[in-house]
Amino acid sequence: MRFRIFILVLTVLFSVLLTAKTIELTFAFWGDQLEAKAVTEACEKFNKTHPNIKVTPMHIPQYLEKISAMIASGNPPHIAYLVESRVLGWASEGILVDLTELLQKDPDPIIKNKLPQLYWYYDGGKKLAGVSFAAEFMITYYNKDLFDKAKVPYPPTKPEEWTWDKFVETAKKLTFDSKGRTPYDPKFDPKNIVQYGAAIGGGGTSPWVLYPLLWSNGGDIVDESGYEVRLDSPETMEALQKIYDLIYKEHAAIAPAAADAFPSLNVALQTGQVAMVLDGQWAMQEAAQMAKEEGMRFGVAPLPYFKTPVTGVEGAPMGIFKDAVKDDPEVLQATWEFYKFIQNPEQVVDVVRSGLWQPTTLDWYTKEEYINKWLNPEIHPAEYKAAVIDYYPYARPYPNAYLKNVAEINTIVVQEMSRIFYGNEDIAKVCKEAAEKIKPLLAGRYDK
């Protein structure tokens, strides 16, 4: 009798195991070959450790067009990278799952302990659309060989010491005409410059480098409320004038039109035509590759500042799509398990160590045991920890993370700044006209 009962129990258990449902999820993302490889391997690792969940990675080129079409068709992926300028609009339209409810039930430290600038809140700050999966600070890159040759000290690693005036002075010392004269020489020939001291990432038109410089002078595009334009404020226009003067008056930074001839600013740095570049963390991987293949010795420093040290931190979030989970608690829970897994820097550490990303978890900036996991001496220069890792308290999120109608506003800013930095139009005139174009778009913030 006992044997029969034992056989019956085994049969039932075996039947349960055979019929256990495997939940299939899709994960959409963008990125280069290294990123795609690392994310795919992370999915495979998750699948091995979660036998009842299968995540299929979807590496998508032309991402915004494809993901928008998937959303419109009612067939989005379960979890995906989210385009920064669209995230909060999608969340407000009910397209994304509010993560605060999941966090209340499961306050996982991996999600709760991110850099505070990387949470994407909406509905007055009561709901969470997503958390950034990578961080990208804006920093200064420089060619050490050019500094050594000119006998110019390297930029400081302490943010407070790298003032705009110091940056301009350094750039002028590293700018040479065809006869080896710097802008300090009365006979300097600005029409025959062979080496520029600096290059501004985006040429002064891209928000990534431009906005932190404006913030450092007390300027901005829109005020903290999201209802008042500040593009035409004295502080903003003063900063724009100083950036413009560095290029066209001091002749110590390459003009945007000339910089556009290079495949990337790292190429200008490596070929010795530019000594310093203001750009994002994403350029680190390429710079390190050039250092390895071409012998370029490069260093890094914080961004220069006008009045207050500050940098921008960029990073797209991941979100969960409602139409994919379809109010199914099991599917939602499975998606949440993968969300927590993929948000752990441990799972994508190869991409971080490659220099393409910075990690998003606070401990990875403050605790040596975690810093040692991603600080890579083959990629990150010696001063990286002091200049970049310790720089995190100075990071500020971009308007993408809170401002309504930000895509349209950013488009106007880029177009109007091009009139200044490419067209040499009057700064006050352009800013006032741009402000009038932005005003009708102001509708406040998602997080307040």
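Values in this text are rule-based calculations from the coordinates and carry no lab data. Predicted, not measured: the structure shown is a model, and the values here were computed from it. Counting neighbours? That spans all protein chains shown, and the Cβs are built from the backbone with ideal geometry, glycine included.
Could you tell me the calculated FRET efficiency between HIS50 and LYS322, based on Cβ-Cβ distance and R0 = 35 angstrom, to the nearest 0.05?
Values: r = 22 Å, r/R0 = 0.63.
Efficiency, from the Cβ-Cβ distance: 0.95.
Over the residues of the chain, the helix contribution to mean residue ellipticity at 222 nm works out to -12000 deg cm²/dmol, using -39500 (n - 2.57) for each DSSP H run of at least 4. What you get for the chain, charging only the Cβ of Lys and Arg (+1) and of Asp and Glu (-1), is a dipole of about 600 debye around the Cα centre.
Along its first, second and third principal axes, ordered by size, the range 23-91 spans 34, 27, 18 Å in Cα coordinates.
Inter-label distance, GLU65 to LYS429: 3.7 nm, where each label sits 7 Å from its Cα along the C-beta direction.
Count neighbours as other Cβ atoms within 10 Å of each site's Cβ, and list the chymotrypsin sites (Phe, Trp or Tyr not before Pro) in the range 149-180 that are DSSP loop with at most 11 such neighbours. Show your work: numbers first, answer last.
Details: sites: TRP162, TRP164, PHE167, PHE176; in loops: TRP162.
Within the range 149-180, no chymotrypsin sites (Phe, Trp or Tyr not before Pro) qualify (loop, at most 11 other Cβ atoms within 10 Å).
From the alpha carbon centroid of the range 140-172 to that of the range 196-222 is 18 Å.
Too long at a 28 Å Cα-Cα cut-off: which of LYS158/LYS429; LYS340/LYS373; LYS112/LYS439? Pairs exceeding the cut-off: LYS158/LYS429; LYS112/LYS439. The separation of the range 374-396 from the range 52-118, counted between C-alpha centres, amounts to 28 Å.
Over the range 323-448, what number does the Rg to Rh ratio reach, with both radii from the alpha-carbon atoms and Rh per Kirkwood?
Values: Rg = 21.1 Å, Rh = 18.8 Å.
Radius of gyration relative to Kirkwood radius: 1.12.
Ignoring the sites themselves, what is the longest stretch of the chain with no GluC sites (Glu not before Pro) in a DSSP loop and at most 12 other beta-carbon atoms within 10 Å?
Details: sites that count: GLU93, GLU224, GLU378.
With a cap of 12 other Cβ atoms within 10 Å, the longest stretch comes to 225-377.
Tell me, rounded to the nearest percent, the portion of alpha carbon pairs in the chain spaced more than 36 Å apart. Show your work: numbers first, answer last.
Numbers: 33845 of 100128 pairs.
Above the 36 Å cut-off, the chain has 34 percent of its Cα pairs.
DSSP beta bridges confined to the chain are antiparallel in about 60 percent of cases. Taking the 0 to 90 degree range and rounding to the nearest ten, how far is the long axis of helix 406-421 tilted relative to the main principal axis of the chain, both from C-alpha atoms? Compared with the principal axis, the helix lies near 20 degrees.
By the Stokes-Einstein formula, at 1.002 mPa s and 20 °C, the range 205-303 with its Kirkwood radius over alpha-carbon pairs has D equal to 141 µm²/s. The aspartates and glutamates within cross-link reach of LYS105, meaning a Cα-to-Cα straight distance under 13 Å and a gap of 8 or more places when in the same chain, are GLU337.
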